[in-house]
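Heads up, the thing below is written out as structure tokens.
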Amino acid sequence: MPSTPHLIGFAELLGRLRHVLTVNGEDTVTLRFSGLSYHPYFDRDGWPRRLLAHVLFGLDGHLDPASLLNLEPAASLLGALGYPLTAKAAALANEAEQLTMQGWTWGHAVDTTIQRTDVDDEPEDTRIGDVAVMAVLSHIAARHATEMTSPIRAVPLFHRGYPTGLLGHLAACLRLDAVHASALGDSSALALFGHLGWTLSPRASAVLTTAEQAEAAGATWTDVVIQARATRRDHLRRDPWDR
């Protein structure tokens, strides 16, 4: 449990979920725990068994399989362990976890829940770190051909509500206001996030800068992700919502 509660917003939780899917695979399913009438978040050896348990594990959290907290919804569990969620993040956590317990693959559950979540943003919901940026970039690149590139000349990240280029898709996946983004006409992700009032950690800004430079140079989306992942950022402040 963290020394002080760490409030998790929608964009941060989405990024952490995408990271779990990158590591474990979109087609992962939740397996039943034999010998118990309920399904604990962690096994007896301390390894995560459920989707949101992997998020907690990434935050250095743990839960004993015998704890009554195993009967709680995902958002309540995270809150009890020092990671309270905003209303929008809680909706994402609870429904995604519920769908996985019904047998849905983790990737399908997350994708469906993101589309269904329509709770209004709080300031913490539009706060992103390097974990979210890297995980979402990896997710987008993995769903496109390895030779996919973006227009080399500067173009707006959104056109008539639709994303253009890798970083436009990044913003869209983070559920940024596409209509407002189209009206602004920004060709820089850093500028767009700033104009819409989002908070980026220094580490997230560094990763985005590398990605923008690589994309503008004509690198494939796969290579953009590789270069972004290699961004030097150990010298930068680590915010709680970073990796």
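Inspect the stretch 10-24 for any residue being assigned to a loop (DSSP other than H, G, I, E, B) and either touching a residue at least 12 places away in the same chain (Cβ under 8 Å) or open to solvent by less than 20 Å² (accessible area, probe 1.4 Å) (or both) and give the result as yes or no. Checked against the condition, which is being assigned to a loop (DSSP other than H, G, I, E, B) and either touching a residue at least 12 places away in the same chain (Cβ under 8 Å) or open to solvent by less than 20 Å² (accessible area, probe 1.4 Å) (or both), the stretch 10-24 yields no hits at all. Would you call Asp111 surrounded by fewer than 22 Cβ atoms within 10 Å (Cβ to Cβ), within 14 Å of Leu13 (Cα to Cα) and outside the structural domain of Asp27 (by the TED database)? No. Which of the residues belonging to the stretch 183-209 are open to solvent by 30 Å² or more (accessible area, probe 1.4 Å) and part of a helix (DSSP H, G or I)? Ala183, Leu184, Leu190, Ala191, Gly194, His195, Pro202, Ser205, Thr209 - these are the residues of the stretch 183-209 that are open to solvent by 30 Å² or more (accessible area, probe 1.4 Å) and part of a helix (DSSP H, G or I).
Yes/no per residue for (1) among the aromatic types (Phe, Trp, Tyr); (2) touching a strand residue (DSSP E or B) at 6+ places or on another chain (Cβ under 6 Å); (3) farther than 24 Å from Thr22 by Cβ; (4) touching a residue at least 40 places away in the same chain (Cβ under 8 Å):
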{"residue": "Leu52", "(1), (2), (3), (4)": "no, no, no, yes"}
{"residue": "Val55", "(1), (2), (3), (4)": "no, no, no, yes"}
{"residue": "Ser67", "(1), (2), (3), (4)": "no, no, yes, no"}
{"residue": "Thr86", "(1), (2), (3), (4)": "no, no, no, yes"}
{"residue": "Ala91", "(1), (2), (3), (4)": "no, no, no, no"}
{"residue": "Gln98", "(1), (2), (3), (4)": "no, no, no, no"}
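So which residues in the stretch 47-64 are in a loop (DSSP other than H, G, I, E, B), more than 21 Å from Trp104 (Cα to Cα), open to solvent by 20 Å² or more (accessible area, probe 1.4 Å) and not acidic (Asp, Glu), if there are any at all?
Hits for the stretch 47-64 are Leu59, His62.
Determine if the stretch 61-80 includes at least one residue that is closer than 20 Å to Val136 by Cβ and of a type in the set (A, V, I, L, M, F, W, C). So that I can check it myself, show each step before the final result.
From the stretch 61-80, those closer than 20 Å to Val136 by Cβ are none; that's our starting set.
So far as the stretch 61-80 goes, no, none of its residues is closer than 20 Å to Val136 by Cβ and of a type in the set (A, V, I, L, M, F, W, C).
Filtering the stretch 106-128 to residues that are part of a helix (DSSP H, G or I) and β-branched (Val, Ile, Thr) leaves Val110, Thr112, Thr113, Ile114, Thr126. The set of residues in the stretch 81-108 being among the aromatic types (Phe, Trp, Tyr) and either open to solvent by 10 Å² or more (accessible area, probe 1.4 Å) or farther than 22 Å from Tyr41 by Cα (or both) consists of Tyr83, Trp104.
Do the conditions hold for Arg153, that is, is it under 19 Å from Arg16 (Cβ atoms), modelled with pLDDT under 95 and of a type outside the set (Ser, Thr, Tyr)?
On the way: under 19 Å from Arg16 (Cβ atoms): no; modelled with pLDDT under 95: yes; of a type outside the set (Ser, Thr, Tyr): yes.
So Arg153 does not fit the description; no.
Looking across the stretch 154-181, the residues that are open to solvent by 30 Å² or more (accessible area, probe 1.4 Å), more than 19 Å from Arg229 (Cβ to Cβ) and assigned to a helix (DSSP H, G or I) come down to Ala172, Val179, His180.
The values are calculated or read from the model by the stated rules, or taken from the named source; none is laboratory data. None of these values were measured; they are calculated from a predicted model. All Cβ positions, glycine included, derive from the backbone under ideal geometry; neighbour counts span all protein chains shown. Heads up: the accessible areas ignore ligands, DNA and RNA and are worked out on the full protein's heavy atoms, side chains in. Shrake-Rupley method; radii C 1.70, N 1.55, O 1.52, S 1.80 Å.
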